[in-house]
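The values are calculated or read from the model by the stated rules, or taken from the named source; none is laboratory data. In this text the structure is predicted, and so the values were computed from the model without any measurement. Reconstructed Cβ throughout: ideal geometry from the backbone, glycine too, with neighbour counts over all protein chains shown.
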């Protein structure tokens, strides 16, 4: 999935954030929905149980106050880019990727897109 990105904004996903941790996503070019919202909307009908599982794991991360590597497969992108994947079932059709940021935000993961495996 490629995008013509003119501007983007990092937004907190309030329904998945709480006292334990905050989940952020990207809004591209002033659009209404974040990349995470689009991911859910694009996949909830075709992969309902997998989409629900991903959202449940994000909620677990928030509620357990854990952003530890046990939930994430590190080094999924190019060396040093911080790209991780949320651990999933090997037979899953969906995989959620993030960028691990350890900057003044304290610690956050930015979620986007899917991979279909056959």
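General observations
Residue by residue, here is whether (1) outside any strand (DSSP E or B); (2) at pLDDT 90 or above; (3) closer than 16 Å to residue 93 by Cβ holds:
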position	(1), (2), (3)
6	yes, no, no
15	yes, no, no
18	yes, no, no
21	yes, no, no
33	yes, yes, no
46	yes, yes, yes
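- Picking from residues in the range 65-79 that are exposed (fewer than 11 other Cβ atoms within 10 Å of the Cβ) and modelled with pLDDT of 80 or more, the one that is farthest from residue 34 (Cα to Cα) is 79.
- One residue from 62, 50 being in a helix (DSSP H, G or I) and modelled with pLDDT of 85 or more: 50
- Residue 90 satisfies every condition listed in (1) modelled with pLDDT of 75 or more; (2) under 21 Å from residue 8 (Cα atoms) except (2).
- Pairs, first over 18 Å from residue 96 (Cβ atoms) in the range 1-26, second in a loop (DSSP other than H, G, I, E, B) and modelled with pLDDT under 80, C-beta under 8 Å, six or more apart: 19/65; 20/64; 20/65; 20/66
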